[in-house]
Every structure is written in structure tokens, then in C-alpha cells.
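Read the structure below first, then the notes.
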Amino acid sequence: FVAKEIAPFTLQSAKAIDEKSFELQLTNDPQSDLLAGRSVELRGNDGSTLQAQYRYSSRKGAVGIFDVSNGDALKANVSYTVMPLNNWATATNVVLQGK
């Protein structure tokens, strides 16, 4: 068995579902990768920081649902820059508008 390095995924866009969850779209379908344990940091334009975790079994193709952690919530008038944690993906100018 020989492991090969897998390139990180690329985040394409994010869209709020409600104040506790959002859809995160990758540029490509991750195929057999289940995204289990993946998380992102949300940096608000108001200076706030939130974390969100992938919702188990929510992925449909290139889109997965993430839930805001620690009882926090997205704020309606805040734009959040999405930053993948632990190098599982890259993101350039992926912004989530709070709902």
C-alpha cells in the first residue's frame, strides 16, 4: 500500500440556508471523499470569527452543508470570508452573506 498526496479541494462559493447552516460548493465533485471532519473558519467583516463543521452525509455532488459550531449563529448584516481549516481546501474570495 502506497499513499499518494492528494491536492486540496478548491472552494467555489457559499450560500446561507439559515442562521445556523450554509451550503459550501467545491469547484469539483470530491467523488469518494466524504468530507467527514472538515471544518472552516468564517471571518466576519465586523471582526467576528466563527467556526463551522461539515454535516455528516449532507454532500450532494460538489455541494455539502456546514453547520456553525459552538451555539453561534450567522449575523444577517455580516459578510463572512470562508477559510478552510487544516489545509483540506483552498479558497480565494469565497464570501458567505449572513441570513
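The values are calculated or read from the model by the stated rules, or taken from the named source; none is laboratory data. From a predicted model like this one, the values you see are computed outputs, not experimental measurements. Glycine gets a Cβ as well: all are built from the backbone with ideal geometry, and neighbour counts include every protein chain shown. These accessible areas exclude ligands, DNA and RNA; they are computed on the full protein's heavy atoms, side chains included. Shrake-Rupley method; radii C 1.70, N 1.55, O 1.52, S 1.80 Å.
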Using a probe radius of 1.4 Å on heavy atoms only, what accessible surface per residue do you get for the chain? Whole Å² is fine. 61
Charges only on Cβ, +1 for Lys and Arg, -1 for Asp and Glu: so what's the dipole of the chain about the Cα centre, in debye to the nearest 20? 100
Based on a Kirkwood Rh over C-alpha pairs, give the Stokes-Einstein translational diffusion coefficient of the chain at 4 °C and viscosity 1.567 mPa s in µm²/s. 95
Relative contact order for the chain: what percent, with Cα pairs under 8 Å and sequence separation of 6 or more? 33
So how do E41, E5, E19 rank on accessible area, 1.4 Å probe, biggest first, that is with the largest at the start? E5, E19, E41
Sorting F22, F9 by accessible area (1.4 Å probe), largest first, what list results? F9, F22
In the chain the accessible area split gives carbon plus sulfur, as whole percent at 1.4 Å, a share of 47
Can you tally the net charge around E19? Count Lys and Arg as +1, Asp and Glu as -1, for every other residue whose Cβ sits under 10 Å from the Cβ of E19. +1
List the residues whose amide H sits under 5 Å from the amide H of Q51, counting only those 5 or more places along or on another chain, with H placed 1.01 Å from N in the peptide plane. L42, S69
Compute the length gained on full extension between E41 and T92: take 0.36 nm times their separation in residues and subtract their Cα-Cα distance, giving the result in nm to one decimal. 17.0 nm
For the Q12, K60 Cβ pair and Förster radius 22 Å, calculated FRET efficiency rounded to 0.05 is 0.95
Could you give the nm distance between label points at L85 and L34, where each point is 7 Å from its Cα heading toward the beta carbon? 2.0
